[in-house]
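In what follows, a structure is listed as structure tokens, so that the remarks can point back to it.
The values are calculated or read from the model by the stated rules, or taken from the named source; none is laboratory data. No experiment lies behind these values; they were computed from the predicted model shown. Don't worry about glycine lacking a Cβ; one is built from the backbone with ideal geometry, like all the others, and counts go over all protein chains shown.
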Amino acid sequence: MSSQNAVTGLVYSDNIALSWKPVDYEPEQTHLAMVNASNESFLRAVSAVGDGLNTKDDSDAPPGIQQEIARLDLKLNLVLDLVSALVYHELDIPPVSAVQVSAEQVSWQGEGPPAGARIFLELYIQRGLPKPLCCYGEVVTTPEEQAAGRNTVRFVGLTGAARVWLEKLIFRHHRREVAFRRAHVGD
């Protein structure tokens, strides 16, 4: 990636589904506010699903209740996985590609829009959930990146609580990645 499009801060890297389409208009502020509100709601739900059972020791709760909550959490996760698998088969989810998401931009390898274009993005950032994070962006890909099949899009209008929740998601994925690496250093 060139220094012009270098990502600052934490980055969420994964193989996820992504789609884009060009737009020939500047989104209105009221429309961006609705998109942000929808994204905030979605990212809050992703956070709730991603956090799962609180594993902190709760000395006030009897052990039997903790075990029952853990059992119910596992059952709920199984039901969500099964329903998601069924829905994925019915929807036209785009193909998966290597994607990097920061709070400012998204990058991916593969087919992409021309530099300077304004696009509408759909990022399926949470496995098992067939709902995308939707946002507008401006293509800031350099000619060198474009020649290498790399695309970089800076978010347009992603503000407020939606941005904060995206940052939390990115941090949570980063924290899990670090923990995974530490756990597998000795392997």
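Which condition from (1) closer than 22 Å to residue 43 by Cα; (2) touching a strand residue (DSSP E or B) at 6+ places or on another chain (Cβ under 9 Å); (3) hydrophobic (A, V, I, L, M, F, W, C) is the one that residue 148 breaks?
Here residue 148 meets the rest and fails (1).
Please go through the stretch 97-117 and pick out each residue that is part of a strand (DSSP E or B), among the small types (Gly, Ala, Ser) and more than 11 Å from residue 19 (Cα to Cα). Walk me through it before giving the result.
As a first pass, look at the stretch 97-117 and keep what is part of a strand (DSSP E or B): 97-101, 105-109.
Still in the running and among the small types (Gly, Ala, Ser): 97-98, 107.
Correct list: 98, 107.
Keeping to the stretch 161-179, report how many residues are in contact (Cβ under 8 Å) with a residue 40 or more places away in the chain and small (Gly, Ala, Ser).
Selection size over the stretch 161-179: 2.
From the residues in the stretch 134-148 that are out of contact with any helix residue (DSSP H, G or I) (no Cβ under 9 Å at 6 or more places or on another chain) and of a type in the set (Ser, Thr, Tyr), which one is surrounded by the fewest Cβ atoms within 10 Å (Cβ to Cβ)?
Across the stretch 134-148, the extreme among qualifying residues is 142.
If a residue has to be farther than 30 Å from residue 118 by Cβ and hydrophobic (A, V, I, L, M, F, W, C) to count, how many in the stretch 140-187 make the cut?
Residues meeting the conditions: 5.
Which numbered condition in (1) surrounded by fewer than 16 Cβ atoms within 10 Å (Cβ to Cβ); (2) farther than 21 Å from residue 14 by Cα; (3) of a type in the set (Lys, Arg) is the only one that residue 118 fails?
With respect to (1) surrounded by fewer than 16 Cβ atoms within 10 Å (Cβ to Cβ); (2) farther than 21 Å from residue 14 by Cα; (3) of a type in the set (Lys, Arg), residue 118 is out only on (1).
Assuming residue 64 fulfils every condition listed in (1) surrounded by 11 or more Cβ atoms within 10 Å (Cβ to Cβ); (2) modelled with pLDDT under 90; (3) assigned to a helix (DSSP H, G or I); (4) of a type in the set (Gly, Ala, Ser) apart from one, which condition is it?
With respect to (1) surrounded by 11 or more Cβ atoms within 10 Å (Cβ to Cβ); (2) modelled with pLDDT under 90; (3) assigned to a helix (DSSP H, G or I); (4) of a type in the set (Gly, Ala, Ser), residue 64 is out only on (1).
Look at the stretch 73-103 and say how many of its residues are within 19 Å of residue 120 (Cβ to Cβ) and surrounded by fewer than 13 Cβ atoms within 10 Å (Cβ to Cβ).
The number of residues fulfilling the criteria is 3.
Are there any pairs, at least 6 apart or on different chains, whose C-beta atoms fall under 7 Å, with the first in the stretch 84-97 and at pLDDT 85 or above and the second in a strand (DSSP E or B) and exposed (fewer than 13 other Cβ atoms within 10 Å of the Cβ), and if so, which?
Partner pairs satisfying both residue conditions: 96/15; 97/15.
Which residues, taken from the stretch 19-51, are small (Gly, Ala, Ser) and outside any helix (DSSP H, G or I)?
The initial filter retains those residues of the stretch 19-51 that are small (Gly, Ala, Ser), namely 19, 33, 37-38, 41, 45, 47-48, 50.
19, the sole residue that qualifies.
I'd like the full set of residues that are at pLDDT 90 or above, within 16 Å of residue 164 (Cβ to Cβ) and among the β-branched types (Val, Ile, Thr), limited to the stretch 1-54.
The answer is 35, and nothing else.
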